[in-house]
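**Q** My questions all concern the structure below.
Every read-out reported here was derived from the displayed coordinates using simple, explicitly stated rules and does not represent laboratory data. Here the structure is a predicted model, which is why all the values come from computation and not from measurement.
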C-alpha cells in the first residue's frame, strides 16, 4: 500500500509540472513590452546649422547646404567623435538631398538645377566622389528621394504629385 501511495504522489507531481510548464509557455506568448527610450549621452557643444545628417557605413555625415561645409563623425554611447572636417565650399553649397544607399554610397542631388553626384565615405571619414552629373542631368524639383530594392531609386515631387523610378549604376 505504501508503494501505491508514492506512485500517486509522483503522478500528481508530474501533472503539476506539466500544468506549470503550460502556464510558463503561455507567459512567454504574451506581447512584448512597449518600446522605451533612454538618453545615454547629452551633447552640449554640437555645431549648429547642419541641414543634413546622414548615416553611411557606420559613420555620420553632417552637411550645411548654405556654405558647403561638412564633417564626418562616429557615434558612440559617449557622444560623437569627429573624424574629418571639410571647410566651406568643399562640397559646394546647395545640395538639397543627400540619400544614403544600401551599397554604402551616398547620392547627392540639387533640386534647383538637377545636378547629382555619387560619393562614399571610407573608414577614416574621407569622402570620395565616384561620379558626378552636370546640372540638367536629372529633372528639377524632386522633393523626396528614397532607395528601393535592387538599386532602384524612387524620385517624388510632392508639389505636383509626379514621380519616377531610376536605377543608379
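**Q** What is the gain in length, in nm to one decimal, between residue 51 and residue 123 on full extension, counting 0.36 nm per residue of separation less the C-alpha to C-alpha distance?
**A** Extra length from residue 51 to residue 123 when fully extended: 23.6 nm.
**Q** Between residue 43 and residue 146, 0.36 nm times their residue separation minus their Cα-Cα distance comes to what?
**A** 34.2 nm
**Q** May I pose another question? Assuming a ≥ b ≥ c are the square roots of the Cα gyration tensor eigenvalues, decide whether the range 52-167 counts as rounded (a/c under 1.5), prolate (otherwise, with a/b larger than b/c) or oblate.
**A** Taking the square roots of the gyration eigenvalues as a ≥ b ≥ c, the range 52-167 is prolate.
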